[in-house]
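The values are calculated or read from the model by the stated rules, or taken from the named source; none is laboratory data. None of these values were measured; they are calculated from a predicted model. With ideal geometry, Cβ positions are generated from the backbone for all residues, glycine too; neighbour counts draw on all protein chains shown. Surface areas here come from the heavy atoms of the whole protein model, side chains and all, with no ligands, DNA or RNA. Shrake-Rupley method; radii C 1.70, N 1.55, O 1.52, S 1.80 Å.
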Amino acid sequence: MVIREFVSEHNRKAVEWLHQDYDHLGRQLHRRGVDIEALTERAMAFRVAVPSWGVGTGGTRFARFPGPGEPRNVFEKLEDCELVNQMVRVTPGISLHIPWDEPEHPAELLEFARKRGLFFDSMNSNTFQDQPGQALSYRFGSLTHTDPAVRAQAVEHNVHCVELGRKLGARSHTVWIGDGGNFPGQVHFRRALERYLESLRAIYAALPDGFRMFIEHKLYEPAFYSTVLNDWGTSYYCTRELGEKAFSLVDLGHHAPNVNIEMIVARLVQLGKLAGFHFNDSKYGDDDLDAGSIKPFQLFLVFHELVDAELEKVPGFDPAYMLDQSHNVTDPLESLMTSAVELVRAFVQAHLVDRAALREAQEGNDAIAALQLLKQAFTTDVGPILAAARHRAGGAIHPVAAYRASGYRQRRAAERPAVAGRGAGIV
Ligand code: RM4
Ligand code: MN
Ligand code: MN
């Protein structure tokens with residue numbers, strides 16, 4: 001049975017209760033002056049891109065424990081992405097990582113995606129690993145390497161990604177580098193940043209019209225003492241220096257524990273430089289856990305800032321959302337579905353904030369009232385809205401249950417025998 005029919009059959013058993021819950025919530029929200037139908041429309045309009053590398057099992061530097069039926073190439077990755085989108089209906093955009101996903105024939109890949117209702121969102125370069133046959137090593141850095149020949153090689157790779165992205169209809173290019181130092185004194189901080197900017201300028205010059213460039217800061221890892229693009233301030237400085245096509249990307253996992261990320265979001269919005277997000281969650285560092293699994297209130301507060309900017313129509317506000325997680329012990333497709341749902345949840349909850357009342361509380365310095373207004377939105381169970389939105393869009397009322405019942409993984413396991421020799425690492 002094709003997935004679409006299977007999903008609608010699976011939904012049949014749940015739809016009666018969904019209607020009851022939806023009507024009940026609708027009445028509750030009505031008392032608060034909120035129109036549930038308008039919220040459901042917002043939920044249906046939400047979009048978050050899926051990274052091609054997210055459909056494979058991740059790993060740590062200690063080990064990787066591959067699951068059954070893992071995709072073995074970019075086409076199989078797209079098949080899995082299609083499945084996720086069929087269930088949750090908010091993830092038609094795919095981010096590619098090059099050279100992991102390098103297509104032999106870009107036009108063929110584009111056609112394959114189009115047929116499945118998918119499109120390419122952002123391109124991602126990789127100069128944090130060495131590839132077989134690569135002339136010069138990135139062991140001591142790429143875009144900031146002390147050797148100009150290594151920098152030139154890394155720039156060329158990024159320009160290639162941009163060029164490929166143009167052919168694939170992508171809209172942006174994301175640069176994350178592993179450059180930094182493991183020991184004090186290893187890297188001259190100011191010179192390394194100068195070299196970084198010089199390399200970025202060369203990549204920036206290759207951007208076609210309408211293409212945006214995103215740079216992604218990270219406080220540590222793989223370098224353990226210092227990274228070149230370590231925080232949002234440095235990132236903002238660089239995107240300002242580069243020009244209007246450059247924006248600063250926020251990966252939720254790339255900050256020290258307890259950093260007020262929602263405030264960073266507000267700052268970048270205000271300064272007109274927010275590229276968008278890599279969503280994930282973390283307990284200690286860049287744990288790449290599923291979005292909303294550890295700090296759902298933080299996720300809500302981030303969306304509170306985003307929705308606020310959207311409703312106020314802040315000029316130029318056009319953030320790109322993507323999941324960036326490492327699924328080490330779960331079925332990646334279940335993690336992606338669950339995470340996408342968590343984002344829509346936070347997005348819808350953020351719409352529930354009574355902004356006029358919040359403003360009044362802020363102007364009147366009423367801290368308790370302000371917090372209560374946020375908490376009221378955050379503690380509202382918007383599950384029926386999310387389920388109704390998926391259902392109306394042809395998705396699953398219960399995505400993970402439907403996926404498990406569909407036997408998709410078992411079928412893929414039979415079709416895709418494991419490839420030997422894929423060791424530790426993120427993919
Ligand atoms: C990095 C960073 C990048 C991602 C790689 C795989 O930590 O988050 O966005 O491309 O991992
Ligand atoms: Mn990321
Ligand atoms: Mn990361």
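Please go through the stretch 117-156 and pick out each residue that is among the aromatic types (F, W, Y) and either in contact (Cβ under 8 Å) with a residue 60 or more places away in the chain or closer than 11 Å to R195 by Cβ (or both).
Result: F128, single match.
Could you grab me the full set of residues in the stretch 206-229 that are touching a residue at least 12 places away in the same chain (Cβ under 8 Å) and away from ligand 1 (no atom under 13 Å from the Cβ)?
Those that are touching a residue at least 12 places away in the same chain (Cβ under 8 Å) and away from ligand 1 (no atom under 13 Å from the Cβ): A206, L207, P208, G210, F211, R212, M213, F224, Y225, S226, V228.
Can you give me the number of residues within the stretch 95-126 that are in a strand (DSSP E or B) and within 16 Å of ligand 2 (Cβ to nearest atom)?
Residues flagged as in a strand (DSSP E or B) and within 16 Å of ligand 2 (Cβ to nearest atom) within the stretch 95-126 amount to 9.
Take N280 and decide whether it is under 21 Å from R345 (Cα atoms), surrounded by 15 or more Cβ atoms within 10 Å (Cβ to Cβ) and free of Cβ contacts under 8 Å to residues at least 60 places away in the same chain.
yes
Tell me the residue from R31, R12, R4, R27 that is open to solvent by 40 Å² or more (accessible area, probe 1.4 Å) and either touching a residue at least 40 places away in the same chain (Cβ under 8 Å) or touching an Asp or Glu at 6+ places or on another chain (Cβ under 9 Å) (or both), please.
The conditions single out R4.
I need the full set of residues from the stretch 338-366 which are in a loop (DSSP other than H, G, I, E, B) and touching a Ser or Thr at 6+ places or on another chain (Cβ under 7 Å), in order please.
Within the stretch 338-366, L352 is the sole residue that qualifies.
Name the pairs whose Cβ atoms lie under 7 Å apart, with the first residue in the stretch 293-322 and over 19 Å from A246 (Cβ atoms), the second open to solvent by 60 Å² or more (accessible area, probe 1.4 Å), and 6 or more positions between them or separate chains?
Close Cβ pairs satisfying both conditions: I294/K283.
Inside the stretch 296-326, can you point out the residues that are in a loop (DSSP other than H, G, I, E, B) and surrounded by fewer than 24 Cβ atoms within 10 Å (Cβ to Cβ)?
Result: E312, K313, V314, P315, G316, F317, D318, P319.
Report whether or not Y236 is away from ligand 3 (no atom under 16 Å from the Cβ) and touching a strand residue (DSSP E or B) at 6+ places or on another chain (Cβ under 7 Å).
The answer is yes for Y236.
How many of the residues in the stretch 356-412 are open to solvent by 30 Å² or more (accessible area, probe 1.4 Å) and either of a type in the set (S, T, Y) or in contact with a strand residue (DSSP E or B) (Cβ under 7 Å, 6 or more places away or on another chain) (or both)?
Count: 1.
Within 16 Å of the chain's Cα centre (by Cα) and on the phi > 0 side of the Ramachandran plot - does that describe any residue in the stretch 286-302?
Yes, the stretch 286-302 contains a residue that is within 16 Å of the chain's Cα centre (by Cα) and on the phi > 0 side of the Ramachandran plot.
Here are the criteria: (1) surrounded by 14 or more Cβ atoms within 10 Å (Cβ to Cβ); (2) over 21 Å from Y321 (Cα atoms); (3) aromatic (F, W, Y). Tell me which single one F214 does not satisfy.
(2)
Could you say which residue among P148, P132, P106 is crowded, with 17+ Cβ neighbours inside 10 Å and over 22 Å from the mean Cα position of the chain (by Cα)?
P106
Do you know which residues across the stretch 382-419 are touching a residue at least 12 places away in the same chain (Cβ under 8 Å), out of contact with any helix residue (DSSP H, G or I) (no Cβ under 9 Å at 6 or more places or on another chain) and outside any helix (DSSP H, G or I)?
A418, V419
Looking at the stretch 306-315, can you tell me whether even one residue there is within 14 Å of the chain's Cα centre (by Cα) and either more than 16 Å from ligand 2 (Cβ to nearest atom) or closer than 27 Å to D80 by Cβ (or both)?
No, the stretch 306-315 has no match at all.
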